[in-house]
């Protein structure tokens, strides 16, 4: 049976994705066609190829008996014609030994596989430097004084949220820098109220691979 899919991860989905999961964990992003017949003929082939590359990568770190059950879950809907006919601009699949979530995205994602996500700002900055962020969530109306080196993936903090620097408009904001870097790499940036954020760090990201 094809798993249920949504057009955009909710905050509850993102909390679940960022939570610890039983390895191996894998995430797949694939641009898809909005129109038939390409959506049902070309996209499943690309998806199977992406699965094949992802499995080869996982088997370098995990035994086949651990990898196979996860891959079988991701393979279940590869041949489901109805699933592929109702396509949008992109597909994101997140699987692990204990979980599977599928999202049909309004924006395309580069065909890549592996990884998961993080709510640690340093890990997000490092992933952005490698163009590995597919979706970035940023907390609205929050400032974290400091700067992000988008090339090296480093963060230089200029104080905390309660410091004078946080209220100084002349001091750069880490969250703004992360959002700008994400947009430059083609990632989707979503701004949410604090109550809807899946973490308390100010940002959370889902990785492309």
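What follows is calculated from the coordinates using simple rules that are stated; it is not laboratory data. Owing to the predicted nature of the structure, the values given are computational and were not obtained by experimental measurement. Here the Cβ is made from the backbone with ideal geometry for all residues, glycine too, and neighbour counts use every protein chain on show.
Remarks
- Theoretical FRET efficiency, 1/(1+(r/R0)^6), r = Cβ-Cβ of residue 99 and residue 130, R0 30 Å, to 0.05: 0.75
- Working ranking of peptides 18-29, 133-144, 187-198 by packing, defined as the average number of other Cβ atoms within 10 Å per residue, highest first, is 133-144, 18-29, 187-198.
- Calculated FRET value between residue 183 and residue 57, using beta carbons and R₀ = 25 Å, to 0.05: 0.35
- Taking each residue as 0.36 nm, the span from residue 12 to residue 196 lengthens on full extension beyond its C-alpha to C-alpha distance by 65.4 nm.
- Net length gained if the chain between residue 22 and residue 72 were fully extended (0.36 nm per residue, minus Cα distance): 16.4 nm
- Stretching the chain fully between residue 81 and residue 152 yields a gain of 21.3 nm (0.36 nm per residue, less the alpha carbon separation).
- Packing-based exposure ordering (other Cβ within 10 Å, fewest first) of 102, 67: 102, 67
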